[in-house]
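Below is one structure, written out as structure tokens; the observations come after it.
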Amino acid sequence: MDLVTELTIFVLAAFVGFAVISKVPTTLHTPLMSQTNAIHGIVMLGGLIVAGFADGALELTIAFIAIAFGTINIVGGFMVTDRMLSMFVRKRPNTEKTTPSASSASRPGAAGSDEGSDS
Amino acid sequence: MIAGVIEAGGDLSTILYIVSFSLFIFGLMQGTHPTTAKTGNLIAAGGMAIAVATTLLLDGIGNWGVTLSGLAVGTAVGVIASLRVQMTQMPQMVALYNGVGGGAVALIAWSEFRHAPVDFPLDEFIPVLFAAVIGSVSFWGSNIAFAKLQDLIPTKPLAVPGQQVINALLLLGLIVACVILASSDDPPEGLFIAVLVGAAILGNLVVLPIGGADMPVVISLLNAFTGLSAAAAGFALDNVALIVAGTLVGSSGTILTLEMATAMNRSVANILFAGFGGAPAAGAGTDEERPHTAIGAQDAAIKLAYADSVVIVPGYGLAVAQAQHAVKEMADELEKRGVDVNYAIHPVAGRMPGHMNVLLAEADVPYEKLREMEDINPELPRTDVAVVIGANDVTNPAAKNDPDSPIAGMPIIEVHEAQQVIVIKRSMSPGFAGIDNDLFYLDNTDMLFGDAKQVAGDIASEIGNL
């Protein structure tokens, strides 16, 4: 891709981001931040790519840490968001601390994330 | 392994990346309502799964030992951390995840640099340098934010004399070093590492002087930074998924940062460089004792039980005391008696945007009861009792009435307009802004001293006994 195409994508994505995020109510700003946080974990793809051409102990170590960091960002971010949002989904007045898990099978390594609160 | 099925940079991989970022955007669109947000998060996670799977199948992916062990370690740590974290600790968790994301960006930039072709084109080299600097700032800045929120280091502003000058010189030095690197035919790796280190020091120096109360803004801002650095990595790697996803996060973090700053009536620059949050203001009413009325849990229970409408104003003190469940109990007792109970949430209540809503949702407070500041303020004059729990500066009428107050102009929850006010607080000590709260001395204000959780529990049982 040439630079101009990339810049076009960048600018359009920025406007899409502003348009979509502006509509999110304050109530959901913490989960929103945690979810966008998980989304920037996508840099992990960069880790996978540089691991492919890594050569020597230093580069392999860098790649390993980059992948591990990125994966923590992705997996932890989406799971923790899911935990928070589970508390908003619950609507009936009940005092139970746990909610039966909804389907969470579609995510990478995210099974069993709906353990409910642990206060 | 089955790597190499998909051609790197080919149409198929690009199309899969487009599917992936479309799911991110669609997922975020679902995030506009509490009932659909959970599904939205799963959709975005699905988009991420597609992006990761696509990349793993690209040709050129290799070193499987390192790749798979990195994935395994990251997954294990992520799963364990997110299951263990408590809702009150969410701000530091987000700070930590943000930090590792920034760290990954910086390391990827370093790798890219080491494998740069002899004639590294500027349209890739500049993004690499940008990613290195911002990623490193974000990693260290987030770690400091984490340490402050976790009370590992003092939350007070820590600053050295001439801090602004040092920061400015450091930033200038980083820019000069980047220009030298970009214009050199054979850029030395030592200088690149120096840039990474310099950015790390800058990240520390910028966040260390910021007080605990301003952390919501810092976390939002660092989130935006990490997003933009991910987008820069996308430019360097010609990866459309990284560009779009990183930019979305950049937009989101920017919006939240500006919203927080507006809610505090301060500019982002003021928050970052003034070291205001937590600095005790000199001569702020500690010498003169002004009269206030103190009451006990029983009196409070009577006032509340015979009211028609009650508005609860929770602040960070409620989160610290883990009082959300006790407060919900109190509200339940009141509702049993037919009292209308609502919660007024200031935009900066808690330690990150929307944090208080999460804590109350954890205690099963229906989200319809969580009212935003603009929405509830007009109703307060018709409210019988406003209960302020662990909140201070956001209820200080000086912000409206006293043009000389340090918080003048800050939007507040106008509890002083309510018929009666009960303030639950540990002592008369001032809040983060270090200024006295006129609210405490009003005729219709009663102070109830004690731990928020304890007091709310006491009131709940007193109401039950009436």
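Any read-out appearing in this document is the output of simple, stated calculations on the displayed coordinates, not a laboratory observation. Source: prediction; values computed, not measured. Cβ atoms come from the backbone with ideal geometry, glycine included; neighbour counts cover every protein chain shown.
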*Amide hydrogen neighbours beyond the local backbone of residue B:58, cut-off 5 Å, H modeled*: B:4, B:6
*Under 19 Å from the Cα of residue B:148, which aspartates and glutamates turn up, not counting those fewer than eight places away in the same chain?*
B:214
*Hey, can you rank B:197-208, B:180-191, B:11-22, B:252-263 by average C-beta count inside 10 Å, highest first?*
B:252-263, B:197-208, B:11-22, B:180-191
*Between beta-carbons, use under 12 Å as the cut-off and find the net charge around residue B:329, counting Lys and Arg +1, Asp and Glu -1.*
-3
*asked:* Counting just the Cα atoms, what span does chain B cover along each of its three principal axes? Round to the nearest Å and put the largest first.
replied: 78, 49, 33
*Taking H as built 1.01 Å from N, whose amide H comes closer than 5 Å to the amide H of residue B:448, not counting residues under 5 places away?*
B:295, B:423, B:424, B:425
*To the nearest Å, what is the center-to-center distance of segment A:19-83 and segment B:38-105, using C-alpha atoms only?*
5
*How far is it, in nm, from the label point at residue B:427 to the one at residue A:18 when both lie 7 Å from their Cα along the line to the Cβ?*
4.7
*asked:* Please compute the average number of Cβ atoms from other chains found within 10 Å of each residue's Cβ in peptide B:224-231.
replied: 5
*Which of the lysines could a cross-linker span from residue A:23 if the Cα-Cα distance has to be under 25 Å and same-chain partners fewer than 8 positions apart are dropped?*
A:91, B:38, B:369
_Cα-based shape type of segment B:383-431, given that a ≥ b ≥ c are square roots of the gyration tensor eigenvalues and the cut on a/c is 1.5_ = oblate
*Give the share of C-alpha pairs in each 10 angstrom bin for the protein assembly as shown, from 0 to the last occupied bin, in whole percents, shortest bins first.*
4, 18, 27, 24, 15, 8, 4, 1, 0
*Compute the Cα gyration tensor for segment B:1-98, then decide on rounded, prolate or oblate, letting a ≥ b ≥ c be the square roots of its eigenvalues: rounded whenever a/c is under 1.5, prolate when a/b is larger than b/c in the other cases, and oblate in all that remain.*
oblate
*Per residue of B:255-267, count partner chain C-beta atoms within 10 Å of its C-beta, then hand back the mean as an integer.*
2
*Where a ≥ b ≥ c are the square roots of the eigenvalues of the C-alpha gyration tensor, would you call segment B:425-466 rounded, which needs a/c under 1.5, or, failing that, prolate if a/b is larger than b/c, or oblate?*
oblate
*asked:* List the pairs from B:328/B:453; B:303/B:336; B:336/B:425; B:303/B:400 whose alpha-carbon separation is above 22 Å, in the order I gave them.
replied: B:336/B:425; B:303/B:400
*Convert each backbone phi in segment B:458-465 into a coupling constant with the Karplus relation 6.51 cos²θ - 1.76 cosθ + 1.60 (shift: θ = phi - 60°), then list the ³J(HN,Hα) values in order as whole Hz, x for Gly and Pro.*
4, 4, 4, 6, 5, 5, x, 7
*If we sort B:137-149, B:447-459, B:310-322 on the protection proxy, mean other Cβ atoms within 10 Å, highest first, what's the order?*
B:137-149, B:310-322, B:447-459
*Taking every residue in B:115-126, how many Cβ atoms of other protein chains lie within 10 Å of its Cβ, on average?*
1
*So, by mean Cβ neighbours within 10 angstrom, what's the order for B:63-71, B:242-250 with the highest one leading?*
B:242-250, B:63-71
